[in-house]
Structure formats: C-alpha cells, structure tokens
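The values are calculated or read from the model by the stated rules, or taken from the named source; none is laboratory data. Since we're looking at a predicted model, the values are computed, not measured. Note: ideal-geometry Cβ built from the backbone for every residue, glycine included; neighbour counts use all protein chains shown.
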Amino acid sequence: MDGKANSFSEISSHLFEMFKRDDFSFGIGDIANYAKIPQSKLRYWEKCGYIKSEKCSRNQNRKYSYHTLMKVQLIKSYLESGFTLSKAAEKAAQFTSYNLILVNMIKRRIKEIGTIDGCPAINMGPLEDDPTKSIYFIDDNSNIKALIKNNE
C-alpha cells in the first residue's frame, strides 16, 4: 500500500478498526437520515420486534448496529416493492446469514485498508498456497480490480 498518509487512508483505517471491534453503531437519527425513514417508524418497527436497538444506559438514545442498518434498508426496499411490513421483515431476516459471512470476512480476512497508486485498496491477506503474496482489491475509478502482490 502507498506509504503516504492521507485522509482516505485515515478514515478507512478508522472504519476498519470499528468493524473489527464490533462497535460500529448508529443513533436512531443516523439510521432515519440514512434510510430516509421517520424515527417514529423505526420505533414502531422496534416495538413490533422487527429491529432491535443495542442496550444503552438509562439516559442515552437508542443505538443500532450496522446489521440493523442493513436490515432497515432491506425492509424499506421490500415495502417499496409492495410487501406487507411483516413479510418485508421476514424476508429481510433471511439475509442474516449473508450479513454474518460479510462480518466474518471483514474480521478475519481484511488486513489493511489504504491506497495503491493513489486508488483505494483493500488488502485481503496472504494467499493460502503462497503466503509470500497477498490479494488486493483496488477501486480504479469505480472499476474494482483484483491484484496479487508480493508481501513487502
């Protein structure tokens, strides 16, 4: 990865560390703004058991995990496609196993987020059959390329 420090690398590294520590959470306002759903609707979904907030101390606002953010987006998408709320929540819950796979990949495989030749890049770690080389995914103007490089 490029040796030069830049804001992309710093922000990406911070996000990466948050994912690895499992403390990537959002307030109800963040979820509402991102998903473009009123907070009252999120509270209703939570009351019905379709989404869950994380436990907080008595005087804190609700906090939601990254998984819940994705589930909210899926429920909204299914609702927009014509499903009822209960069916939309049921279909969104089916994606839990896929979310777990992504979280495990982030925790176990991603070794570094930075840049290569000025482009955003993710180091996915060493190859199983040749640990002297690693695989990188590089975003070159929205074209994702895979690259195998010798470890430095």
How many residues are farther than 30 Å from GLU112 by Cβ and either more than 21 Å from the chain's Cα centre (by Cα) or at pLDDT below 85 (or both) if we restrict to segment 16-38?
1
If GLN60 satisfies all but one of (1) among the polar types (S, T, N, Q); (2) under 30 Å from LYS133 (Cβ atoms); (3) at pLDDT 70 or above, what's the number of the condition it fails?
(2)
Report yes if THR96 is touching a residue at least 12 places away in the same chain (Cβ under 8 Å) and surrounded by fewer than 15 Cβ atoms within 10 Å (Cβ to Cβ), otherwise no.
yes
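Test LYS107 against the criterion of being at pLDDT 85 or above and among the basic types (Lys, Arg), and give yes or no.
Working: at pLDDT 85 or above: no; among the basic types (Lys, Arg): yes.
Here the answer is no, as LYS107 does not meet what is asked.
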Hits in segment 113-137 (condition: of a type outside the set (A, V, I, L, M, F, W, C) and over 22 Å from the mean Cα position of the chain (by Cα))
ASP117, GLY118, PRO126, GLU128, ASP129, ASP130, PRO131, THR132, LYS133, SER134
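Quick one: count up the residues across segment 113-124 that are over 28 Å from THR68 (Cα atoms) and assigned to a strand (DSSP E or B). Quick ask: steps written out before the conclusion?
Quick first cut of segment 113-124, residues over 28 Å from THR68 (Cα atoms) only: 115-119.
Retained after the next criterion (residues that are assigned to a strand (DSSP E or B)): 115-116, 119.
Selection size over segment 113-124: 3.
I want to confirm something. Restricting to segment 57-112 and keeping residues that are polar (S, T, N, Q) and outside any helix (DSSP H, G or I), which single residue is nearest to the chain's Cα centre (by Cα)?
Within segment 57-112, the subset polar (S, T, N, Q) is 57, 59-61, 65, 68, 73, 77, 81, 84, 86, 94, 96-97, 99, 104.
Narrowing the set further to residues that are outside any helix (DSSP H, G or I) leaves 57, 59-61, 65, 81, 84, 94.
Details: SER57: 25, ASN59: 27, GLN60: 23, ASN61: 21, SER65: 10, SER81: 23, THR84: 26, GLN94: 17 Å.
My answer is SER65.
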If I filter segment 100-129 down to residues being within 16 Å of PHE24 (Cβ to Cβ), in contact with a helix residue (DSSP H, G or I) (Cβ under 7 Å, 6 or more places away or on another chain) and of a type in the set (Val, Ile, Thr), which single residue comes out as surrounded by the most Cβ atoms within 10 Å (Cβ to Cβ)?
ILE113
